[in-house]
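**Student:** Provided herewith is a single structure, encoded as C-alpha cells, for subsequent inquiry.
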Amino acid sequence: MLANVLSAALRGIDAVAVQVEVNTGESGEPKLIMVGLPDTAVKESDDRVFSALSNSGFEMPRTRTTINLAPGDLKKEGPFYDLPIALGILEATGQMQARMQEEYLIAGELGLSGETRPVKGALAMAQLAKKTGRRGVLLPPFSAREASLVEGIDVIPVHSLAEAQRFLTGEKKLEPLTREAFFETAPAIPTAREDFSEIKGQQTVRRAVEIAVAGGHNLLIIGPPGSGKSMIAQRIPGIMPEPGLQEFLEILRIQSVAGRTLREGIGFLERPHRAPHHTISDVGLLGGGSVPGPGEISLAHQGVLFLDELPEFKRSALEVLRQPLEEGSVSISRSAGKVTFPCQFMLVAAMNPCPCGYLGDRKHECRCTPTQIQRYRSRISGPLLDRIDLHVEAPALSLDELRSEAPGESSASIRERVESARDRQKARLPANGSPTNARMNHSDLRRFCRLDDQLGDLLQNAMEELSLSARAYDRIRRVARTIADLAGADAIGSEHLLEAIQYRSLDRNLFY
C-alpha cells in the first residue's frame, strides 16, 4: 500500500517541498529501504522510527518497505523526516485512515519513546506551507511556537507520534497556535543590559557610534589597549531601534535555519550582535559547507557584526567581506546548488594603532619599527577600508577620566535621537527601497544628498588632500546626510559635511 506525506528540506534560508512516499507489501525479505539522497542523520531515522512506533503501541511493517524522499536530486539532511515517515508507515500498513494528512506539511524528530523533538527551520517551513496553499503545519511544540508568527495557516503543535496520529484521524482536536504563543515564550530582552552611561570619556567615539547607528554605517575604532573600544561596541545594541515585525521575521528565519533558536533562543524584536573570534575561517564568516549554511555575516543580518582586533583576522577572511558590505547579500555556489543569504549588517571593527598598541600614547613608549607598523596596517586592504564609512580614534583615558564618578549619557537618551533620525529616513526614502542612509542607491543619493557649489568645492578639496577614492566620495555624502538627520536639518550644511570628512582622516595616505 502506498502513502504520501508532505515534508520539507532546507535550502539556504528557504524551505523546499519534499514528498515522503512510503510503500509496503512488497515481496522480498522484510526490511526498510530508504532512497532519495538521504544523509546519515536521515538514514538513521529508521531505527528511531521503529522504536517510536513500538513504544507508541503500533505494529512494525512485516514486509519489505521502501521510503522515497522526492525529488531524488535534492540532498536531504537532518532529522526532519522522522514524524512524516512514521505517519506514512501507519497509513501504508493500514493502522491509520488519515483524513487530513494531505492538508498539512509535517516535520519533526522522534525520540525512542515516540515524543517529538524540535527541528530547525520551522519558520521557513510554515512560510512554504502558506505559499503552497496548505491548511497548516504539524510541528513539535517548540518549533510550532516559532512558526506561529506566520499568519494565514494553522500551526498545530504535536507532542508525540500518537497525538499526531489521533489528530490526523479526527480522534483528537488540537487548537492551532496564535502569534501570541511566541510572544509569551520568547526570551525577554534584558532590561539591565550594558549602558553607555558606564563609558567614561571618549566623547568623539560616542558621537561616531551615534552617527553610525543612526544611518546604519560601518565603523572602525582605532585605539590603544584599555581605551574602551570593546566596551563601546558591546553597548551598541542598546541604542539600536527595535526591528519591525517584517525585519524580525527575516532575522528569525536565518537564526532558525542555522539552528540558533534551538540552542540559544532569541528574544522578540531583538537585533543580533555577532562577535566572532579572529581565528574564524572564511567559511565560518561568509557561510558555506557541502550544503551551504549561513555564516556570521548572515547571522548578523539587520544587526551588528563586531570584529575585534581587525588586523589579526586572516587576510582572505577580511577580503570576502568586500562584496557583502557593498551588496547586502552573499551568494554561495556548491555542487549541491547556489544559495543566496541576506547580510545587511552594520560592521563595527576595532584595532590597535600598531602591533604593540601604544603608538601615539603619551604614557607608554611604542617599540614598533615603521616597517612593523606598515606591515600591521597593510593587513587591512584599501578597498576594505573604503567600505568603512567612519574611522575614529579612541585615545587612552587619563587618570582623571578613570577616577571620575560622573555617569555619561545613557543609552536611552542616545537611542531617542537615533530613532528620531531613523524616522526621518523612513519618511524620506521609498518604502520598498533603502532602509537607511548607508543603503541608499545612487538615484536616492543624487536626490537626497545634493551639495551646492560651495559644498561641492569643499568636498573636492578634501578628496584631493586625503587621496580618497570615488567610493569614499559617496560615503562621505551619506554620512553627512545622517549627521543632518540627527540635527533635524532638511539639507546638508557645511558643518555636517565637515564632520563627515573628519571621519575619513585615517583613510589612505594618512593611514598607511
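**Student:** Determine, yes or no, whether Val20 is surrounded by 19 or more Cβ atoms within 10 Å (Cβ to Cβ), touching a Gly at 6+ places or on another chain (Cβ under 8 Å) and not in a strand (DSSP E or B).
**Tutor:** no
**Student:** Same structure again: When you go through (1) in a loop (DSSP other than H, G, I, E, B); (2) hydrophobic (A, V, I, L, M, F, W, C); (3) under 27 Å from Glu270 (Cβ atoms) one by one for Val291, which number turns out not to apply?
**Tutor:** Looking at each condition in turn, Val291 falls short on (3).
**Student:** Hey, another quick one. Tell me yes or no: at least one residue of region 296-318 is touching a Leu at 6+ places or on another chain (Cβ under 6 Å) and assigned to a loop (DSSP other than H, G, I, E, B).
**Tutor:** no
**Student:** When you go through (1) farther than 24 Å from Thr132 by Cα; (2) under 38 Å from the mean Cα position of the chain (by Cα); (3) open to solvent by 40 Å² or more (accessible area, probe 1.4 Å); (4) in contact (Cβ under 8 Å) with a residue 60 or more places away in the chain one by one for Asp47, which number turns out not to apply?
**Tutor:** (4)
**Student:** Could you list, in sequence order, the residues of region 158-185 that are open to solvent by 20 Å² or more (accessible area, probe 1.4 Å) and in contact with a strand residue (DSSP E or B) (Cβ under 7 Å, 6 or more places away or on another chain)?
**Tutor:** Of everything in region 158-185, those that are open to solvent by 20 Å² or more (accessible area, probe 1.4 Å) and in contact with a strand residue (DSSP E or B) (Cβ under 7 Å, 6 or more places away or on another chain) turn out to be His159, Ser160, Leu174, Pro176, Leu177.
**Student:** Do any helices (runs of 4 or more DSSP H) entirely within region 137-236 hold 2 or more residues that are of a type in the set (A, V, I, L, M), and if so, which?
**Tutor:** Of the helices (runs of 4 or more DSSP H) lying wholly inside region 137-236, those with at least 2 residues that are of a type in the set (A, V, I, L, M) span 141-147, 161-168, 203-215, 229-234.
**Student:** Can you tell me how many residues in region 198-229 are open to solvent by 40 Å² or more (accessible area, probe 1.4 Å) and either among the hydroxyl-bearing types (Ser, Thr, Tyr) or in contact with a His (Cβ under 6 Å, 6 or more places away or on another chain) (or both)?
**Tutor:** 1
**Student:** Kindly check whether there is at least one residue in region 135-143 that is within 19 Å of Thr261 (Cβ to Cβ) and open to solvent by 70 Å² or more (accessible area, probe 1.4 Å).
**Tutor:** Checked against the condition, which is being within 19 Å of Thr261 (Cβ to Cβ) and open to solvent by 70 Å² or more (accessible area, probe 1.4 Å), region 135-143 yields at least one hit.
**Student:** Moving on to the next point. Just give me the residues in region 55-70 being closer than 21 Å to Gln165 by Cα and not in a strand (DSSP E or B), in sequence order.
**Tutor:** Asn55, Ser56, Gly57, Phe58, Glu59, Met60, Pro61, Arg62 - these are the residues of region 55-70 that are closer than 21 Å to Gln165 by Cα and not in a strand (DSSP E or B).
**Student:** Among the numbered criteria (1) open to solvent by 40 Å² or more (accessible area, probe 1.4 Å); (2) in contact with a Gly (Cβ under 8 Å, 6 or more places away or on another chain); (3) closer than 19 Å to Gly36 by Cβ, which one does Asp73 miss?
**Tutor:** Only one criterion in (1) open to solvent by 40 Å² or more (accessible area, probe 1.4 Å); (2) in contact with a Gly (Cβ under 8 Å, 6 or more places away or on another chain); (3) closer than 19 Å to Gly36 by Cβ is unmet by Asp73, namely (2).
**Student:** So is Ala52 in a helix (DSSP H, G or I), touching a residue at least 12 places away in the same chain (Cβ under 8 Å) and not hydroxyl-bearing (Ser, Thr, Tyr) or not?
**Tutor:** yes
**Student:** For Leu285, which of the numbered conditions (1) open to solvent by less than 20 Å² (accessible area, probe 1.4 Å); (2) aliphatic (A, V, I, L, M); (3) in contact with a strand residue (DSSP E or B) (Cβ under 6 Å, 6 or more places away or on another chain) fails to hold?
**Tutor:** (3) is the only condition that Leu285 fails.
**Student:** Can you pull out the residues in region 450-506 that are of a type in the set (Phe, Trp, Tyr) and under 21 Å from Ile239 (Cβ atoms)?
**Tutor:** Matches in region 450-506: Tyr503 only.
The values are calculated or read from the model by the stated rules, or taken from the named source; none is laboratory data. A quick note: this is a predicted structure, and the numbers were derived from the prediction, not measured. Heads up, the Cβs are rebuilt from the backbone with ideal geometry, glycines too, and the neighbour counts pull from every protein chain shown. Protein only, heavy atoms only, side chains kept; ligands, DNA and RNA dropped before computing areas. Shrake-Rupley method; radii C 1.70, N 1.55, O 1.52, S 1.80 Å.
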